[in-house]
Amino acid sequence: MTAATTSVPPADDERDRPRPHDDPFDRDVLPTPPGATAALLRSLLAPMRSRVAVTTLLLLLQQAAVQAGPLLVAYAIDRAVPAFRHHDRGPLFAVAAGCLGCALASGGLQYAFVRAAARVNQDVLLDLRGRIFRHAQALSIDFHERYTSGRLISRSTTDVESLRELLSEGLQELVTVILSFLYISAMLLWLDLGLGAVAVASFVPLYALVRTYQRRAKRVYRLRSTAIAAVIVKFVETMNGIRPVRAFRREAANDADFRVLNRRHERTNGDALLEMARYVVGSRLVANTAVALIVLWGAYRVADGTLALGVLAAAVLYLRRLYDPIDRLGMFLNSYQSAAASLEKIAGLLAQTPSVPEPASPRRLPPARSRHPGREVVFDGVRFAYRTGGEVLPRFDLTLSTGQTVAVVGTTGAGKSTLVKLLARFYDPSEGRVLLDGVDLRDLDVAELRRGVVMVTQEAFLFSGTVADNIAIGRPDASREEIERAAKAIGAHDFISALPDGYDTDVRKRGGRISAGQRQLVAFARALLADPAVLILDEATSSLDIPGERAVQRAMTTVLKGRTAVVIAHRLSTVEIADRVLVMEHGRIVEDGTPAELVAGRGRFADLHQAWRDSLT
Ligand SMILES: Nc1ncnc2c1ncn2[C@@H]1O[C@H](COP(=O)(O)OP(=O)(O)OP(=O)(O)O)[C@@H](O)[C@H]1O
Ligand SMILES: [Mg+2]
């Protein structure tokens, strides 16, 4: 983030304005490259491969201990009880000891497993949240213009949460069910081939049910998570824009919009439940039919004497265990589905590459040519179009010499802010290069660029923290003395001293609330402290009153000395401190000269200047 150390770029109204037929369902989808989801999962688990292996082993052992139960029952009925009748107590005691042992073992293993799994989960989620934050912060501004903050919040809350659910409950369930299916089928087949075959045959319709459900649930869950995201996006956007909402009495319209989104969420939720209900009914039907068949057939065979009673009892017990988790299978397939959808979205976000990438082999600026901090700026064959629109700046060349203060004026939408955003490297030019003392900004070391070019904009943003912290963002290692000196130079010292805790006033707390003009002064002090080679002021004095602006201007003449500066201002009084004026129109520089030259000429600036003079008299 280049100049964002001092200011954030102006909020882009474009992205927050609801468009006609704008469907948040469509907007939510960021194409996830094929394989990105699996790669993300692998990279999350890779560092803890051995811990995952241990966790899996614990679960395997625990399942073995649990599934030994019915086998002990069969042994008790067919062997131990008859032996007991003949006064042989040994087998019965052995069964009792076995039951106790299994119970203890499965309890202990379960405990160990839960602990181990919880650690793995915590680490995975911690890693993932960190990655989302770091990545989103590193992405370029044009990404943030398309992907709203509400959506980002929903990635790192709802989506991470659904992953947490899967990891902490779903995955264990899934593995348990798969394991018990395997164990139990093997046991049943081993106990009695015929009964085992019936049980295994019932897997065919069950599998078909699961597949159908999975397919349908996947669709429903994707819709549901999109619907949740839409609700969050609407919520965040409304609350972020609460002032315009109030000012334009948008409450009722917003309520109506929100109701629609909320209903949609509710409906998708209902659809998900319905799918679930269908699945549960179907699977129970299959399971109960299989149990009925086995009991019936088994009873005949016990009567025939071809099947031991204990074996039938064990088989029925196993079947219950086999079919019991099937309802839950649906439930965690749900959590699996929604986690998969979430992971896919997170992977999509993480797969985004910054359109303004950091240089592969960063270059440093050459040593300063004079004792002045300024640098030469060259726009070399630059052309620029925003991703979402047509050409804003047609091809042009422009050189700002070292130490020059250049004012840029022009009508609204002429491309003034766009020009300076290229200089601050918020965007890269579509064609051509922007050079700082001969170094392409694209090759320039990020830290060097951050120090080299600082931009102050209209909506001087304050971060939570004290006033001093906010000024020190320009240079984190600055002493209190330097901070105060910067504030004094800009004329901010008096109002800061009058705050409840002076420089230590928290700007987000009561009493720390400061006005728009005061915020701009803080932003100026911040930029001054940063001591950049190139300073950009984009309507940075627009919220100041005339005396305030005058004070800043006076300060500016010292601040800007020797620095290369670009000043965008609508008020012509601001332009007076400039050495050179550029007049822009429709993305082109139509006039270029000293203020005196332009005023003396017959161009637009002369007209503007005349109009301004007339307004003063
Ligand atoms: N983020 C963006 N995405 C797409 N188009 C944009 C974006 N920002 C600005 N534009 C378009 O680029 C053009 C120039 O905008 P720019 O902000 O540079 O004008 P400006 O001269 O600074 O105007 P103002 O005096 O109102 O600040 C406008 O037509 C605007 O619609
Ligand atoms: Mg602008």
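The values are calculated or read from the model by the stated rules, or taken from the named source; none is laboratory data. Just so it is clear, the structure is predicted and the values come from calculations on it, not from any experiment. Backbone-built Cβ (ideal geometry, glycine too); neighbour counts: all protein chains shown.
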Does G432 qualify as being more than 12 Å from ligand 1 (Cβ to nearest atom) and in contact with a Ser or Thr (Cβ under 9 Å, 6 or more places away or on another chain)? no
Limited to the range 210-227, what total is found for residues that are modelled with pLDDT of 85 or more and under 18 Å from the mean Cα position of the chain (by Cα)? 1
Enumeration of residues in the range 358-390 that are more than 30 Å from L582 (Cα to Cα), surrounded by fewer than 13 Cβ atoms within 10 Å (Cβ to Cβ) and touching a residue at least 12 places away in the same chain (Cβ under 8 Å): E358, S361
For the range 405-524, please list each of the strands (runs of 3 or more DSSP E) lying entirely inside it that holds at least 3 residues being within 16 Å of ligand 2 (Cβ to nearest atom) and not small (G, A, S). 405-410
Within the set of pairs 6 or more residues apart or between chains, which connect a residue that is within 15 Å of L398 (Cα to Cα) inside the range 566-589 to a residue that is among the basic types (K, R) and away from ligand 2 (no atom under 16 Å from the Cβ) with Cβ atoms less than 6 Å apart? V583/R604
Taking helices (runs of 4 or more DSSP H) that fall entirely within the range 226-341, which contain at least 2 residues that are surrounded by fewer than 16 Cβ atoms within 10 Å (Cβ to Cβ), in the same structural domain as Y207 (by TED's automatic domain parsing) and of a type in the set (V, I, T)? 251-304
Positions within the range 203-225 being among the hydroxyl-bearing types (S, T, Y) and either crowded, with 20+ Cβ neighbours inside 10 Å or not assigned by TED's automatic domain parsing to the domain that holds Y279 (or both), in sequence order: Y213, Y221, S225
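Out of curiosity, is P476 free of Cβ contacts under 8 Å to residues at least 12 places away in the same chain and either assigned by TED's automatic domain parsing to the domain that holds E549 or touching a strand residue (DSSP E or B) at 6+ places or on another chain (Cβ under 8 Å) (or both)? First the steps, then the outcome.
Numbers: free of Cβ contacts under 8 Å to residues at least 12 places away in the same chain: yes; either assigned by TED's automatic domain parsing to the domain that holds E549 or touching a strand residue (DSSP E or B) at 6+ places or on another chain (Cβ under 8 Å) (or both): yes.
Spelling it out, P476 is indeed free of Cβ contacts under 8 Å to residues at least 12 places away in the same chain and either assigned by TED's automatic domain parsing to the domain that holds E549 or touching a strand residue (DSSP E or B) at 6+ places or on another chain (Cβ under 8 Å) (or both).
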Test: residue in the range 158-179 that is farther than 24 Å from R119 by Cβ, in contact (Cβ under 8 Å) with a residue 60 or more places away in the chain and assigned by TED's automatic domain parsing to the domain that holds R301: no
Of all strands (runs of 3 or more DSSP E) fully inside the range 537-617, the set with 1 or more residues that are basic (K, R) and within 42 Å of the chain's Cα centre (by Cα) is 588-593
Can you name the number of the only condition in (1) among the charged types (D, E, K, R); (2) in contact with a helix residue (DSSP H, G or I) (Cβ under 8 Å, 6 or more places away or on another chain); (3) within 16 Å of ligand 1 (Cβ to nearest atom) that E391 fails? (2)
Which of the helices (runs of 4 or more DSSP H) found entirely inside the range 34-147 contain at least 2 residues meeting this: crowded, with 17+ Cβ neighbours inside 10 Å? 36-45, 49-67, 69-75, 90-138, 141-146
